[in-house]
1. At a threshold of 8 angstrom on Cα-Cα distance, excluding pairs fewer than six apart, so keeping six or more, what relative contact order does the chain reach in percent?
2. Which angle from 0 to 90°, rounded to the nearest 10, does the C-alpha axis of helix 31-50 make with the longest principal axis of the chain?
3. Return the distance in nm (one decimal) between the two label points of a simple spin-label model at residue 26 and residue 12, each offset 7 Å from Cα along Cα→Cβ.
4. Can you tell me the mean projection area, over all orientations, of the convex hull of the chain's alpha carbons? Units nm², please.
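None of the figures in this text is laboratory data; all of them are computed from the coordinates on show. Treat the numbers as computed from the prediction; the structure is a model and nothing was measured. Ideal geometry is used to build each Cβ from the backbone, glycine not excepted, and the neighbour counts take in all protein chains shown.
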Amino acid sequence: MSRIRAIQTTADYAAALARIDVLMDAEHGTPAGEELDVLTDLVVLYESRHAPMGYPNPIEAIRFRMEQGGFT
């Protein structure tokens, strides 16, 4: 298990994503599974602070959905 610490930089973020990729098949309740849980929580927190999604423009959301469904 690697040492888990706060994600503060884009390099930390990239490293956390790489580690999550390695741990993706870890079983729940194992040390690797617990590490995966903690890292995903840290990534979600980092993303919420640095890249908030926000809400789409309502008209653009309707247009996007219409395009997905093949509507005009």
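1. Values: 30 pairs, mean separation 21.3, N = 72.
Relative contact order comes out at 30 percent.
2. Result, in degrees: 40.
3. Reported label-point gap for residue 26 and residue 12 is 1.8 nm.
4. On the way: hull surface 28.0 nm².
The directionally averaged projection comes out at 7.0 nm².
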